[in-house]
1. At 10 °C and 1.306 mPa s, what whole-number value in µm²/s does Stokes-Einstein give for the translational diffusion of the stretch 103-172, with Rh from the Kirkwood sum over Cα pairs?
2. For Asp322 and Glu239, compute 0.36 nm times the residue count separating them, minus their Cα-Cα distance, and round to one decimal in nm.
3. Using the C-alpha gyration tensor of the stretch 66-120, what are the square roots of 5 times its eigenvalues, in whole angstrom, with the largest one first?
4. How large is log10 I(q)/I(0) at q = 0.16, 0.25, 0.32, 0.34 Å⁻¹ when the Debye formula is applied to the Cα atoms of the stretch 157-199, each weighted equally and without solvent?
5. Using the alpha-carbon centroid of each, what span in Å lies between the stretch 1-49 and the stretch 266-336?
6. Over 15 Å apart: what share of the alpha carbon pairs of the stretch 1-62 falls there, rounded to a whole percent?
7. Calculate, in whole percent, how much of the Cα-Cα pair population of the stretch 15-98 lies beyond 19 Å.
8. Taking the Cα atoms of the stretch 288-336, report the difference between the largest and smallest coordinate on each principal axis, in whole Å and largest first.
Amino acid sequence: MKKALSKGPDISKHNGNVNIKKVRDAGYKPIGIRAGYGKNNVDEKYVSNALACFNLAVQVLLYWFSYAYTAAMAVAEAEFCITQAKKYWSKCPIAFDFEYDSVNYARKRGVNVTKQLATDMAIAFLQKVKAAGYLPVIYTNKDYLNKYFDMNRIVKALGKVYVWYARYTSSLSAAEIDLADIWQYTSSESVPGISGKCDINIFYTDFEMVSVPAQREETCNINIQNFQKAANADGYRDEQGRKLAEDGKDGKNTRYVKQQICLQAKRFGLSYKVGSRGAVVKWWQTRCNEILGHDQNVDGKYGKDARKETIAVQDKLNLVKDGKVGYDSIQAAFYN
């Protein structure tokens, strides 16, 4: 009998803003991330989710929701997914996600997806993934194993394919556990860092030993660069007492300075008055306006209005709503 090694959620744009650090710190891993769907539609939250996982060294399972109805389309989808994967990982599991919506999409375009066609598309997608150095994973369920996927053909073509098995039940049979490398057992569990209910998976295979982060050169992020300029103007310095390089990269020294900052208002009885002041406050007020679409006064004074806007941002980005701007809030403002 296989042993359950870990469990983790799978997420997409439908989960909104996910606090990956909170998910990780609650003990969940790996995290499944939808890279995209159909013809090169990158999931709207893929970059922020993937970048957070990359920076926090969180192991991932990537997947692409397929709208293919020919083998050539499935190959193209694999190429789209590989392009996104390469930005952060040179090796990791990538899943072919072909579901009932995929079948309905094909029918509306005059194509009846047979077991042979679905299997051909799975093989085409997964062979492309494997040739690029990634681990081929097929997302399936009991119904799809009967109607759409010929696993004997798929295994024969791939040599080895990992199975992500969806069945919302309290337990699996011995045969199902023997088949599954990943078991998606619910779509309605609560996880710290994720608003609302989400999918949860139990992992029977350790993908950590076969996942490799890419050698990634971070490009200039204007949000980070503006923060660095503001921190320098306010007199913040790194561990060696030096100004931050204003390069727009979230390196060791920038992370050190983030740890020194806590913007907050002063409390007087039941009201709040101006506490923190300066260029970093202005930077934060600007980012709040950009994230929320608001127009609070960017005056560098952190009082009751700035606190109110901060709580609104923290709520939107699934952060602790304490009205204080520290490491986690600044980090989230870099990438949202």
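Values in this text are rule-based calculations from the coordinates and carry no lab data. These figures come from a predicted structure and were not determined experimentally. Because the Cβ atoms are built from the backbone with ideal geometry, glycine has one as well, and the counts that use them run over all protein chains shown.
1. 122
2. On the way: separation 83, 0.36 × 83 = 29.88 nm, distance 2.75 nm.
Answer, rounded to one decimal: 27.1 nm.
3. Values: eigenvalues 121, 20, 18 Å².
Semi-axes, largest first: 25, 10, 10 Å.
4. -0.53, -0.87, -1.09, -1.15
5. Here the two parts' Cα centres lie 27 Å apart.
6. Of the Cα pairs, 47 percent sit more than 15 Å apart.
7. 35
8. Sorted from largest, the Cα extents of the stretch 288-336 read 23, 20, 15 Å.
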